[in-house]
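Comments concern the structure below.
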Amino acid sequence: MHPGLPDIIRQFQTTTPGTSLQVLTGGVFKKRLLQTISPQQVGLIFNINEPRDYSNPKHFGKVIGNIEEAIKLGFKVVVGFNVWRMDFDTGFIPGLAYNLGRSGFRWAVANPQLNQHSNVINASQFVHLAPKCLEMLEKAAALNLEAELDCPLPLCFFTEKDLAWLRQFHPKTASRMGVCDPVLDVTPELEAIRCFALSKLDRVKVTDFPNEWAILEWFRENVDSCLMSDGCFEYCTDCKHFKSGRCNGGCLAWHRYGPDTNALTNPYQLANLMRQAVEEGSPQKALEHYEAAGHRARKDLPAFIASVAAYRLGRKDAAFRYGARTVDITQDPALREQAIELLKTITLDTDSVSSNPAAPEGLTGSITLQDLTGKSTG
Ligand code: SF4
Ligand code: SF4
């Protein structure tokens, strides 16, 4: 732990008194450091490895001693475990968490750093890794422990049946599957990075933004968009969960990096294409572009242009839907006003509002995870 930690905590508490603080540590530090911080001020998250993974064998004992001490001092202590080898001991973290009186633990499958050589388990090995992770989670459930997933895993990492089981016993793992939104890290230079795995990509000065949400949006638009042309499996691009945004295709550090110039995925490209079609007198074409685009491209401006296009075609139901969506999702006050003005000119028929919309192709009847992913085995 950082020797200046007490001062850092004090500063945080002065500037943002309402923020709860969690300190992440590998657990190798001098025990007396715990006396310098208050259990009322911070919680501690210890990332632990199996004893065989400490290059200095004494370190495991030190980590356990520090956890024990932190608990005795009244700190809120969470233990975390990264799966980074295929032959990990599935009973290790459930047993340790139980013996330390925890109600659960955090876990993750270690991710690579983008464009850096790494020894982490490759996505092609997930099919063999998943049953081992499930074994660990079953051992945890038997001890009445709940495991919380730290970094999202592909939605198809577990089978459909396993996901249903996870929903019962480990809801904080089940709910973290699929979507990977930015997890901002801020460096001592006050630069924000999207997450550790993507730290070699763009950084921004936090002081250049009005709030955290604006930084998140910046990363979604400028970093995530360049990493979403594929996923960690070659079949991700055909997967319906990928197209709908329910799964990002695994850790983005497994993805190919390239600026997104595709109107099917880039909202600005889509908006340009649609605007051009409307100006050329082809609102139908504009709507077709919108309806063919993926969820990432269907942001506020394309939705508004779709509303205008539908209005011009006399399709007032669609014009209302797209206009209402624009109002819901836009952060731009001017666009919001324009969409509201358009909506005011539309009156819906009660009958059409209560009619059954046609379900999108491939999403009717009984569908399985495998149907959606197009995955051949596993
Ligand atoms: S195939 Fe679909 S569910 Fe599986 S990782 Fe790719 S996008 Fe996610
Ligand atoms: S890209 Fe997503 S899954 Fe990968 S390390 Fe970052 S937050 Fe985790």
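The values are calculated or read from the model by the stated rules, or taken from the named source; none is laboratory data. The shown structure was predicted, so the numbers you read here are calculated from the model rather than taken from an experiment. Cβ: placed from backbone, ideal geometry, glycine included. Neighbour counts: every protein chain shown.
What tally of residues in region 144-165 results from selecting those that are closer than 20 Å to Asn82 by Cβ and surrounded by fewer than 22 Cβ atoms within 10 Å (Cβ to Cβ)? Counting residues in region 144-165 that are closer than 20 Å to Asn82 by Cβ and surrounded by fewer than 22 Cβ atoms within 10 Å (Cβ to Cβ) gives 6.
Quick check on Ser307: is it of a type in the set (S, T, N, Q) and within 10 Å of Tyr322 (Cβ to Cβ)? Spelling it out, Ser307 is indeed of a type in the set (S, T, N, Q) and within 10 Å of Tyr322 (Cβ to Cβ). Name the residues in region 99-118 that are touching a strand residue (DSSP E or B) at 6+ places or on another chain (Cβ under 6 Å) and within 15 Å of Arg176 (Cβ to Cβ), would you? Across region 99-118, the qualifying residues are Gly104, Phe105, Arg106, Trp107, Ala108, Val109. Note on region 137-228: enclosed helices (runs of 4 or more DSSP H) holding 3 or more residues that are within 15 Å of ligand 1 (Cβ to nearest atom) are 160-169. Test Asn82 against the stated conditions and say whether it is in contact with a strand residue (DSSP E or B) (Cβ under 7 Å, 6 or more places away or on another chain) and surrounded by 14 or more Cβ atoms within 10 Å (Cβ to Cβ). It is true that Asn82 is in contact with a strand residue (DSSP E or B) (Cβ under 7 Å, 6 or more places away or on another chain) and surrounded by 14 or more Cβ atoms within 10 Å (Cβ to Cβ).
With the structure loaded, tell me whether Cys239 is in contact with a Leu (Cβ under 9 Å, 6 or more places away or on another chain), more than 15 Å from ligand 2 (Cβ to nearest atom) and not assigned by TED's automatic domain parsing to the domain that holds Leu24 or whether it fails that test.
In short, yes.
Against the test of being more than 16 Å from ligand 1 (Cβ to nearest atom), closer than 23 Å to Trp218 by Cβ and not charged (D, E, K, R), the options Gln284, Gln269 yield a single qualifying residue, Gln269.
The single condition among (1) in contact (Cβ under 8 Å) with a residue 40 or more places away in the chain; (2) loosely packed, with under 15 Cβ neighbours inside 10 Å; (3) within 21 Å of Arg296 (Cβ to Cβ) that Ala197 does not satisfy is (2).
Against the list (1) buried (at least 20 other Cβ atoms within 10 Å of the Cβ); (2) touching a helix residue (DSSP H, G or I) at 6+ places or on another chain (Cβ under 8 Å); (3) modelled with pLDDT of 95 or more, the condition Gly91 fails is (1).
Listed here are the residues, each with its yes/no results for (1) touching a residue at least 24 places away in the same chain (Cβ under 8 Å); (2) within 23 Å of the chain's Cα centre (by Cα); (3) under 30 Å from Pro152 (Cβ atoms).
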position: Thr25; (1), (2), (3): yes, yes, yes
position: Arg32; (1), (2), (3): no, no, no
position: Gln41; (1), (2), (3): yes, no, yes
position: Tyr54; (1), (2), (3): no, no, yes
position: His59; (1), (2), (3): yes, no, yes
position: Ile67; (1), (2), (3): yes, no, yes
position: Val79; (1), (2), (3): yes, yes, yes
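Output the number of residues of region 252-269 satisfying the condition of being more than 20 Å from Leu372 (Cβ to Cβ) and either β-branched (Val, Ile, Thr) or in contact with a Pro (Cβ under 8 Å, 6 or more places away or on another chain) (or both). I'd like the intermediate steps shown before the answer.
First, the residues of region 252-269 that are more than 20 Å from Leu372 (Cβ to Cβ): 252-253, 256-263, 266-269.
Those still in the list that are either β-branched (Val, Ile, Thr) or in contact with a Pro (Cβ under 8 Å, 6 or more places away or on another chain) (or both) too: 253, 261, 267.
Total satisfying the criteria: 3.
Residue pairs whose Cβ atoms lie under 6 Å apart, sitting 6 or more positions apart in sequence or on different chains, and linking a residue in region 157-181 that is of a type outside the set (Val, Ile, Thr) to a partner that is surrounded by fewer than 13 Cβ atoms within 10 Å (Cβ to Cβ) and at pLDDT below 95, are Glu160/Thr368.
Going by the structure shown, is Ala277 more than 15 Å from ligand 2 (Cβ to nearest atom), assigned to a loop (DSSP other than H, G, I, E, B), without any contact (Cβ under 8 Å) to a residue 60 or more places away in the chain and surrounded by 20 or more Cβ atoms within 10 Å (Cβ to Cβ)?
Working: more than 15 Å from ligand 2 (Cβ to nearest atom): yes; assigned to a loop (DSSP other than H, G, I, E, B): no; without any contact (Cβ under 8 Å) to a residue 60 or more places away in the chain: yes; surrounded by 20 or more Cβ atoms within 10 Å (Cβ to Cβ): yes.
No: the conditions fail for Ala277.
Consider region 150-183 and keep the residues that are among the hydrophobic types (A, V, I, L, M, F, W, C) and within 10 Å of ligand 2 (Cβ to nearest atom). The one that is modelled with the lowest pLDDT is Val183.
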